[in-house]
1. Name the residues in region 80-93 that are surrounded by fewer than 19 Cβ atoms within 10 Å (Cβ to Cβ), under 24 Å from residue 21 (Cβ atoms) and either within 10 Å of the chain's Cα centre (by Cα) or of a type outside the set (Asp, Glu) (or both), would you?
2. Take residue 41 and decide whether it is in contact with a helix residue (DSSP H, G or I) (Cβ under 9 Å, 6 or more places away or on another chain) and closer than 24 Å to residue 100 by Cβ.
3. Out of the residues in region 112-126 that are part of a helix (DSSP H, G or I) and surrounded by 14 or more Cβ atoms within 10 Å (Cβ to Cβ), state the one that is modelled with the lowest pLDDT.
4. For region 11-38, enumerate the residues that are closer than 21 Å to residue 99 by Cβ, surrounded by 13 or more Cβ atoms within 10 Å (Cβ to Cβ) and of a type in the set (D, E, K, R).
5. Can you name the number of the only condition in (1) at pLDDT 95 or above; (2) more than 23 Å from residue 99 (Cα to Cα); (3) not in a helix (DSSP H, G or I) that residue 8 fails?
6. Scanning for something within 18 Å of residue 14 (Cα to Cα) and β-branched (Val, Ile, Thr), does region 82-92 turn up at least one residue?
7. Looking at region 94-111 only, could you name the residues that are in contact (Cβ under 8 Å) with a residue 60 or more places away in the chain and either over 21 Å from the mean Cα position of the chain (by Cα) or in a loop (DSSP other than H, G, I, E, B) (or both)?
Amino acid sequence: PKYAGSNLTKSDRLMIFNEIEKVTLDKKLYTISKLTIKKLSDELDYNANQISESINDNVGCNFNDYINLKRIEAFLTKIQNKEHVDKTLLALAFECGFNSKSSFNRAFKKIHNQSPSQYIRSQNVI
């Protein structure tokens, strides 16, 4: 089994993940462009391995991909709220925690298989 050496049970990992979700969303930690797993583990008082294991077990991705997912969800909320009418897509991406155009585009394509502008056009929100 994947976590045979772990001292966490499946329910422990779910409980920790729920705490990760709550603090990440409530405090909008994903908007911190230099957020690290260490900073998140300090915030929650779990070690980095427990954080990583909980994210991986519940979402099926690593810490960075999880945070980028939250950033993209926030970006898409801004698009739905028509914030892209007054700001560039890159400015919105920066507000959501991305620190470069290339990291934003790469993360977006990884999730949606198209560029942000292609996705927006396909959703008819322009």
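1. Initial filter on region 80-93 (surrounded by fewer than 19 Cβ atoms within 10 Å (Cβ to Cβ)): 80-83, 85-88, 90-91.
Now narrow it down to the ones that are under 24 Å from residue 21 (Cβ atoms): 80-81, 83.
The answer is 80, 81.
2. On the way: in contact with a helix residue (DSSP H, G or I) (Cβ under 9 Å, 6 or more places away or on another chain): yes; closer than 24 Å to residue 100 by Cβ: no.
Spelling it out, it is not the case that residue 41 is in contact with a helix residue (DSSP H, G or I) (Cβ under 9 Å, 6 or more places away or on another chain) and closer than 24 Å to residue 100 by Cβ.
3. 120
4. Across region 11-38, the qualifying residue is only 28.
5. Unmet condition: (1).
6. Taking region 82-92 first, the residues within 18 Å of residue 14 (Cα to Cα) are none.
No: zero hits.
7. Within region 94-111, the subset in contact (Cβ under 8 Å) with a residue 60 or more places away in the chain is 94-99.
Selection gives 96, 97, 98, 99.
The values are calculated or read from the model by the stated rules, or taken from the named source; none is laboratory data. Because the structure is predicted, anything quoted here is derived from the model rather than measured. Reconstructed Cβ throughout: ideal geometry from the backbone, glycine too, with neighbour counts over all protein chains shown.
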